[in-house]
Each structure stands twice: as C-alpha cells, then as structure tokens.
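Here's the structure, in structure tokens; my notes come after.
The values are calculated or read from the model by the stated rules, or taken from the named source; none is laboratory data. Treat the numbers as computed from the prediction; the structure is a model and nothing was measured. Every residue, glycine as well, gets a Cβ built from its backbone with ideal geometry; the counts of neighbours run over all protein chains shown.
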Amino acid sequence: MEFFAQLDAAIQKNNSLLCVGLDPDPALLPHGIDLLAFNKAIVDATADIVCAFKPNLAFYEAEGQQGWNILKQTINYIPKGIPVIADAKRGDIGNTSKAYAKAIFEDLKAGAVTVSPYLGFDSVELFVNNYPEKGIFILCRTSNQGASDFQSLPVRMNNAEIPLYQAVARRAEQWNTHKNIGIVVGATYPEDMLALRQAHPELPFLVPGVGAQGGSIKLTLETGLSASGSGIVINSSRQILYASRGADFARAAAKSAEALRQEINLHRPDL
C-alpha cells in the first residue's frame, strides 16, 4: 500500500491525527529498561491511539551499530497497519541521496522520510521518483527557534517577493507528480501554517512543535487542516515518551497520547 493511503487508513481506523516520535534518550529511560524494550512498550501502549510513528534517526545513530539494529527491530515491531516516518532530514547531491534513500527505504523499510531541499531538486529527486510508493516530507517551516534565520528570508519567485519557506512549498507542489510529497510545518508558527494551507490546500503537513516546544493544538487544527478535515499529522515525542520515568512509563505514555488524541479530535470538524 502506498504511504499516504496507509496513513489515511490508519487515521480512519484509530480516529487519530497523532504521531508519536520514537526518540529514546538513554539518559531519560526508566531504570533497568533498555532502548528496544522501551520502544516496544511505547508501541504496545499507543499503537491503537496513533496514525503513525516517527523515529528520529539521530537517537539511534548515536548508539553506533547497536542503535541501528535497535531501530530496524523497532520498525519491524510496529504493527503493519501503522506507517513509519523516518525522521532523517537527509538531502545531498544525487548519488549520495540515492544511497540515503536505499538505506532508509530498503534496509530500514520505513514508509516515509523527512528530507532537506537546500541543495535543490537533485537532492530530492531520487527519493521522490525512485520510490513513488513512499512518503517524502520536505522541510519547509520547521518548529525550532532558529528557523527564521533562513526560512523567513525574502526571495524572488515568479516576479514576486515571498519568504523562502513559501518558495520551498511551491517547489514541493511542483515536484509532487507522484502525489507522494508532504511538507514539514511547525506548530510554533501558526500564521505561516495558515499561509501555507491557503496556498496549498491538499498538500499533507507533518507538524512538529506541539507539546514540549509549546505549539498549540487548537491553532494547529484551525490553520493546518485541509478541507477534508485531515491532511495533517501532529507529532509529539517527549510529552508522551517521558510522561513518567517510573515503572508505569508505558501506561503513562498511553494516557498522555490518549489525552492528546482527544484534544486534537475536539478541534476537528464533524467529530
């Protein structure tokens, strides 16, 4: 099944726009729990609450070969109906991007990936065209404080001056010939999210920044939902993973995830 079709099916089945970021920090894990056991417990506790899981590769790469093996085992453990987004933020010249894509889609067997468009289309093309059944989320308006250093800079496009992030979104729309592209839009910039949604009514959004970074779920839904009442995946990591650092961590994660799902659905239309 193509990624976005699988994502839509998971959204419908679990009545959820919530994605859990599987970003385990060894320093924050409950005593006596290793990375793989932690991940499996989180997946077991939240798989019927979420529409996707999003492991950030940095947390696994930091652990060397063992970490990569844990990441593969984690992805393999996730129920088949729940899509996996590899948060890798890759993007390089064509031959290098080809190797990145192979590692993520063929070795890890992730369903989607985050990519950086900074090097232009040839850094994105091999993800998009070689794997049309996979999801490609292009970094556009990220949630971090330093995002405006570059993303808000004015650029000229089609004889008009617009912020760089809007130019990225326009390119993403143009490159989306396989309908397998979405963009990353931070919940911490709701006005910019609204501008992007108005300009790109059908483009899927992957939304970080809710929870620990302070983004508002209500504003995210008001500014980011597509006309169909979907088109958006809201990620939360630390708020769910570390809801408790005791023996009840999995139960606390489930409780936190369920509360977020309910809050999201409160602001979705026709629910």
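Looking at segment 225-262 only, could you name the residues that are part of a helix (DSSP H, G or I), modelled with pLDDT of 95 or more and of a type outside the set (A, V, I, L, M)?
Here is the first cut: in segment 225-262, the ones part of a helix (DSSP H, G or I) are 238-241, 249-262.
Next, from what is left, pick out any that are modelled with pLDDT of 95 or more: 240-241, 249-262.
Scanning segment 225-262 gives F249, R251, K255, S256, E258, R261, Q262.
For residues in segment 131-155 being farther than 24 Å from G211 by Cβ and out of contact with any strand residue (DSSP E or B) (no Cβ under 8 Å at 6 or more places or on another chain), which is surrounded by the fewest Cβ atoms within 10 Å (Cβ to Cβ)?
Looking at the filtered set, the residue picked out is F150.
For D8, state whether it is more than 27 Å from F127 (Cα to Cα) and either among the acidic types (D, E) or assigned to a strand (DSSP E or B) (or both).
no
Would you check which residues across segment 100-131 are closer than 22 Å to K72 by Cα and part of a loop (DSSP other than H, G, I, E, B) and list them?
Listed by number, the residues that qualify are L108, K109, A110, G111, Y131.
Kindly check whether there is at least one residue in segment 168-188 that is of a type in the set (D, E), outside any loop (DSSP other than H, G, I, E, B) and in contact (Cβ under 8 Å) with a residue 12 or more places away in the chain.
Looking for residues that are of a type in the set (D, E), outside any loop (DSSP other than H, G, I, E, B) and in contact (Cβ under 8 Å) with a residue 12 or more places away in the chain, one finds at least one in segment 168-188, hence yes.
If I go through segment 98-130 residue by residue, how many of them are surrounded by fewer than 21 Cβ atoms within 10 Å (Cβ to Cβ), closer than 22 Å to G81 by Cα and not charged (D, E, K, R)?
Matching residues across segment 98-130 total 2.
May I ask you to verify whether N176 is surrounded by fewer than 22 Cβ atoms within 10 Å (Cβ to Cβ) and more than 29 Å from Y131 (Cβ to Cβ)?
no
Please find, among A160, A169, the residue that is small (G, A, S) and farther than 30 Å from F105 by Cα.
That would be A160, the only listed residue that is small (G, A, S) and farther than 30 Å from F105 by Cα.
For every residue, the table says whether it meets (1) free of Cβ contacts under 8 Å to residues at least 60 places away in the same chain; (2) of a type outside the set (V, I, T).
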| position | (1), (2) |
| --- | --- |
| Q6 | no, yes |
| A10 | no, yes |
| G21 | no, yes |
| P26 | yes, yes |
| A37 | yes, yes |
| V84 | yes, no |
| G91 | yes, yes |
| N95 | yes, yes |
| P117 | yes, yes |
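For segment 43-61, state whether one or more residues are within 23 Å of A247 (Cβ to Cβ), within 14 Å of the chain's Cα centre (by Cα) and small (G, A, S).
no
Kindly evaluate I42 against the criterion of being buried (at least 22 other Cβ atoms within 10 Å of the Cβ) and either of a type in the set (A, V, I, L, M) or in contact (Cβ under 8 Å) with a residue 24 or more places away in the chain (or both). I'd like the intermediate steps shown before the answer.
Numbers: buried (at least 22 other Cβ atoms within 10 Å of the Cβ): yes; either of a type in the set (A, V, I, L, M) or in contact (Cβ under 8 Å) with a residue 24 or more places away in the chain (or both): yes.
Yes: the conditions hold for I42.
Taking the criterion of being surrounded by 21 or more Cβ atoms within 10 Å (Cβ to Cβ), of a type in the set (K, R) and at negative phi, would at least one residue in segment 58-77 satisfy it?
no
Scan segment 141-161 residue by residue and report those that are part of a strand (DSSP E or B) and within 30 Å of N130 (Cβ to Cβ).
As a first pass, look at segment 141-161 and keep what is part of a strand (DSSP E or B): 141, 154-157, 160-161.
The answer is R141, V155, M157.
Quick one: which residue in L219, L206, L196 is part of a helix (DSSP H, G or I) and touching a Cys at 6+ places or on another chain (Cβ under 9 Å)?
Sole residue among the options that is part of a helix (DSSP H, G or I) and touching a Cys at 6+ places or on another chain (Cβ under 9 Å): L196.
Go through segment 195-219 residue by residue and tally those that are without any contact (Cβ under 8 Å) to a residue 40 or more places away in the chain and more than 28 Å from S123 (Cβ to Cβ).
Counting residues in segment 195-219 that are without any contact (Cβ under 8 Å) to a residue 40 or more places away in the chain and more than 28 Å from S123 (Cβ to Cβ) gives 4.
Checking the structure you have, find out if any residue of segment 43-57 is farther than 16 Å from P79 by Cα, at pLDDT below 95 and not hydroxyl-bearing (S, T, Y).
The answer is no, given that none of the residues of segment 43-57 is farther than 16 Å from P79 by Cα, at pLDDT below 95 and not hydroxyl-bearing (S, T, Y).
Any chance you could count how many residues in segment 1-39 are out of contact with any strand residue (DSSP E or B) (no Cβ under 9 Å at 6 or more places or on another chain) and either surrounded by fewer than 21 Cβ atoms within 10 Å (Cβ to Cβ) or among the basic types (K, R) (or both)?
Residues meeting the conditions: 20.
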